[in-house]
Each structure stands twice: as C-alpha cells, then as structure tokens.
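Okay, structure first, notes after.
The values are calculated or read from the model by the stated rules, or taken from the named source; none is laboratory data. Model, not experiment: these values are computed from the prediction. Positions of Cβ are backbone-derived with ideal geometry, glycine not excepted, and every protein chain shown enters the neighbour counts.
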C-alpha cells in the first residue's frame, strides 16, 4: 500500500493522509491548511488530492484543520461517502458552513478594498456556502467500537480520542496480497481528566501508528493551576474596569471555558456582576450539540446534568448572535468576559475584539489553545509589540495570558503514557500533526523509552508500506525538490530601497500629510523586515 502525506506533516494543520491499495484509494481526514500565506496557498492546489479518484474519506473529528477541505473535494469531483461519528457529522454541518461564510466575507472584503484604491482584483472564496451544503449528503455516521467495511479488504473501527465531542482514533485493517496490516491514526489525542470529555481509549496493537505530536516537547499546567490563572486574568481586568478577551475555538474549547467559569462562579472567583459574552453564533450552535449528546460526555458532567446543574449555562451568560449585538459589546465600558472565535485570532469576530481591547493596558487577552506559526495569536504569544488587524497596526498593551492547561491535546508525558499501552513489537511510528521542534524531541524520547522506529514525514512525501519490511520512499518530501530562491527577491528589494533613498530630497518637498503617509508605509516595511530578520 502507498501513503501520501498531504498535510499535518511538520505542521499542525491540513491533516490528510491518502492511502492507496491495489483495490481502493481513500483518505483519513481532509483538513484546511492554516497559518502563513505560504501554508495557506496549499489549499488552492487540489491536484495532489485528485478528488475524483478518492473512493471515501474517514474523518477523525470536526475541527477545520481535519475537515475543512471537504467542500473543496466535493467541488472538484469527489462523490463517495464520508465516514465519521454521529456528533462529528452534526458538528461538520455547522463548522463547514461557517468556514464557507468566513471565506465569502473575506473575499468580498478584499475585492472592496482593492476597488477603493482603483486596483482590479477577482478574489474568490476557497469554496462557497452551496459547496459546504453539498457535503451533507455524503456524511455516513458510525459509532465508537463498531467495525465497518467501507470497501473490500478494508475494515475500520472508531475509538474515543477524548479530544472533542465525537473525536475518534481510527483503527484501520487493510488486507492486501493475502496479508493484513493494522494502521492506527490517533487523530488528536485528548488530555486525560479534562472537563466534559472522557479519557482517550487505550489501543494495544498496530503495525503502523500515525501519532499526533502537537505538544511533543512540553507538558501542560495542571487543571487547578490553569483555573487559578484564568481567575487571575479576571481579577486583573475587573479591577481595571476592562475586558477579558478569550479567543477560543467554537467546539470544545469554548464549552470547557464555560465549564471553568461555572466552577469559578461556584468558588466566588467570578464576580456576579461581570457579564460573560459568548460572541460566536457557531459556538452557540456547537454548545447546543453538546447538550444533545450527553452520553458522549464524561461521568462527572452527566451527573451534574442529571442533578439539574448545567455547567454550560451561566446565570450571567449573554449570547451574541447578530452583528449588531457583537458591536454593542465594545460600545460598553463595563468590565466583561468576551469569548469569541477563532481560536488563533486569524478570522471571525475575535479580530474586532482584539482591535478594541489589545491596546488597553488594563485589558487581558487569554489564549487557551495552540497557536500555529504565522497566525496573529502566535505573534502575540511570542511577544509582538504591534499586530496588524484589518489594515491597522494595533499596539499590544493588554496583559497576555497563555494557559495551555485548557488544551484539548495531550501533553508530552500524556502522549507517552498513551503510547506505552501498545504491545506490538516492531511497530513503526510516524509522527504527524506537530511542528519540527516538538516532533524531533518526541521522536528521541520514543526511541529512548520504547526502542521503536520513528519516522517524521514531510509535506507531499509518499511511501510504500509492506508488513515486516523497511519503509520504501516513493516520492521525496516537497522540501527536497522545491526550494524558494530568495537571492533575486532580496536583490530586487535592495534595488528598490536604493531608489527610494535616492529620492529622499524630492519626497521631503511633498506636503506634510503625504510625508506622514510615506512614513507610515516605511514603518510597516521596516516591521516586516524585522519579522524576516527574527526568523533567520
């Protein structure tokens, strides 16, 4: 069998693994690439997927970095079934529509901005609302621990990944040439003992394990410590009469934050007169889906609900559905908590809340999830002094909190604890869904502790697997065959800069307003060059 890595290879987004046997071609996950412009350009190229030749998809969970290109696949000829758990299918129906809407709005906004400057552009969304709606007829639900056969020679079983509602690990049995190999795709492995979710299911056997490694080089803070840090952010901004802004993914992270605020309110650490705004129509819909699937939640949550105590419904919770309601949040000057999407601050309403609050010294910005390279959230966490939001440079003066204890991903020790349950000798491990530093560190620990063979695939790498034999590389990683030549770009930049310097005297004869505009442009250019320098 052949496996091609179309995403989540040396990155944490774009999860997709295309598997081809002598009878069938299918894929596990179909995620959108998110982060830098270079990473996001991968979404445009459907050729490596060849959607019309994919027989079916298996989706581990509903997060967009695992499912967000499904409308694009249907748009380009995919016509088969998409298998997922029942909660995942319900969440996909709202998440994909939201993703399409965001892209439509951003494309329209780009065209409008260019039109105002007299420039022509034809920005188009990656896919549209009708494309997202076209995915629904393809969705086929399956339960945890139910074995099904989507094609001859293929058997699949979902296990609870403990990550978000309905998230699954995939046990995949492939029979080929009289031999059966077992592949396990971990999906995103959940953090044990997190609120709402059950613990990840242990898996005992696999010939090949494709394992996430998001936090392969660090552990999370303890749950109680994270709760105290959230309380500290609330105290800080409440005392200063400002807002606590929490960028949060609409699914699971928002619900866990609501649960945490419920616990703080019960302990007297959330002021009763401090409103909590849930400003995300998507998160509001997702929370209702959580209410619908009580049996998927952990025992403690089920007990609370049976006793009439709903940890997702705070007495001071205000739901913002319309744009007008969202705008009014920033027109009020009362201290408040604002939970809004997206979790990496790269789309949606959260950008407006950051624009209104990031520059306020008394405000708090609380990051409660992973921030991918190239996203605004990552730049803030890494200490940026200014962030560009909606074509405006915003100073970072608010107090920034990074609370990884709320992560839905297992930390380093928790990943290793899950891995130690495997009993198969000679199992080969592939680390996916992680950045290079995390993967390299985790790989060395796995080799040292378990003596297992560990491979870290690259984007577009293609390999052949034969049970009992060495991995055979069919196609080298894209990094080995395509490299951006920076020299001519830098030479061109130097030429243009020299030309500007040569015109200094002439520029200084312009009006004060024109000179101020030029100064702003030069400051923006200098900031971009500083970003390049810091990566070197």
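Residues in the range 11-33 that are in a strand (DSSP E or B) and within 16 Å of residue 214 (Cα to Cα): 16 alone. Residue 454 falls short of the stated requirement of being modelled with pLDDT of 95 or more, outside the structural domain of residue 206 (by TED's automatic domain parsing) and not in a loop (DSSP other than H, G, I, E, B). Does the range 382-403 contain any residue that is closer than 19 Å to residue 244 by Cα and part of a helix (DSSP H, G or I)? No; the residues of the range 382-403 include none that is closer than 19 Å to residue 244 by Cα and part of a helix (DSSP H, G or I).
Flag not set for residue 431, criterion: surrounded by 19 or more Cβ atoms within 10 Å (Cβ to Cβ), part of a loop (DSSP other than H, G, I, E, B), touching a helix residue (DSSP H, G or I) at 6+ places or on another chain (Cβ under 7 Å) and in the same structural domain as residue 186 (by TED's automatic domain parsing). Being in contact with a strand residue (DSSP E or B) (Cβ under 8 Å, 6 or more places away or on another chain), in contact (Cβ under 8 Å) with a residue 12 or more places away in the chain and over 22 Å from residue 21 (Cβ atoms) is a property that does not hold for residue 445. Within the option set 165, 92, 139, 97, being closer than 30 Å to residue 349 by Cβ, in contact (Cβ under 8 Å) with a residue 60 or more places away in the chain and in the same structural domain as residue 205 (by TED's automatic domain parsing) holds for one residue only, 165. Looking only at residues in the range 171-201 that are within 20 Å of the chain's Cα centre (by Cα) and part of a strand (DSSP E or B), the one that is nearest to residue 415 (Cα to Cα) is 185. Here is a list: 365, 403. Which entry is closer than 14 Å to residue 345 by Cβ and within 21 Å of the chain's Cα centre (by Cα)? Matching residue, one of 365, 403: 365. Every condition in (1) part of a helix (DSSP H, G or I); (2) at positive phi is met by residue 378 except one, and the failing one is (2).
For the range 327-345, what are the residues that are surrounded by 20 or more Cβ atoms within 10 Å (Cβ to Cβ) and under 29 Å from residue 32 (Cβ atoms)? Lay out the reasoning, then the answer.
First pass over the range 327-345, keeping only residues surrounded by 20 or more Cβ atoms within 10 Å (Cβ to Cβ): 329, 335-345.
Matches in the range 327-345: 329, 337, 338, 339, 340, 341, 342, 343, 344, 345.
Please work out which one of (1) under 26 Å from residue 262 (Cα atoms); (2) surrounded by fewer than 17 Cβ atoms within 10 Å (Cβ to Cβ); (3) touching a residue at least 60 places away in the same chain (Cβ under 8 Å) is the condition residue 318 fails and give its number. Condition (3) is where residue 318 drops out.
Can you find even one residue in the range 105-119 that is touching a helix residue (DSSP H, G or I) at 6+ places or on another chain (Cβ under 7 Å) and either within 20 Å of residue 151 (Cβ to Cβ) or free of Cβ contacts under 8 Å to residues at least 40 places away in the same chain (or both)? No - not one qualifying residue is present in the range 105-119.
The lone criterion from (1) free of Cβ contacts under 8 Å to residues at least 60 places away in the same chain; (2) under 20 Å from residue 139 (Cβ atoms) left unmet by residue 58 is number (1).
Taking (1) more than 20 Å from residue 9 (Cβ to Cβ); (2) assigned to a helix (DSSP H, G or I) in turn, residue 467 satisfies each apart from (2).
Of the residues making up the range 412-425, those that are touching a residue at least 24 places away in the same chain (Cβ under 8 Å) and either in contact with a helix residue (DSSP H, G or I) (Cβ under 8 Å, 6 or more places away or on another chain) or closer than 18 Å to residue 455 by Cβ (or both) number 7. Restricting the range 434-444 to residues that are over 18 Å from residue 191 (Cβ atoms) and in a helix (DSSP H, G or I), the residue that is farthest from the chain's Cα centre (by Cα) is 444. Among the residues of the range 461-493, the one identified as over 15 Å from residue 48 (Cβ atoms), modelled with pLDDT under 80 and surrounded by 14 or more Cβ atoms within 10 Å (Cβ to Cβ) is 467.
When the residues of the range 11-32 are filtered to those that are at pLDDT below 95 and buried (at least 21 other Cβ atoms within 10 Å of the Cβ), the one that is nearest to residue 67 (Cα to Cα) is 13.
For the range 1-10, taking the residues that are part of a loop (DSSP other than H, G, I, E, B) and touching a helix residue (DSSP H, G or I) at 6+ places or on another chain (Cβ under 8 Å), the one that is surrounded by the most Cβ atoms within 10 Å (Cβ to Cβ) is identified as 8. If you go through the range 33-42 one residue at a time, do you hit one that is within 22 Å of residue 167 (Cα to Cα) and either assigned by TED's automatic domain parsing to the domain that holds residue 177 or modelled with pLDDT of 95 or more (or both)? Yes, there is a match, as at least one residue in the range 33-42 is within 22 Å of residue 167 (Cα to Cα) and either assigned by TED's automatic domain parsing to the domain that holds residue 177 or modelled with pLDDT of 95 or more (or both).
Say whether the condition of being at pLDDT 95 or above, surrounded by fewer than 22 Cβ atoms within 10 Å (Cβ to Cβ) and touching a helix residue (DSSP H, G or I) at 6+ places or on another chain (Cβ under 6 Å) is met by at least one residue in the range 146-169. Within the range 146-169, not a single residue is at pLDDT 95 or above, surrounded by fewer than 22 Cβ atoms within 10 Å (Cβ to Cβ) and touching a helix residue (DSSP H, G or I) at 6+ places or on another chain (Cβ under 6 Å).
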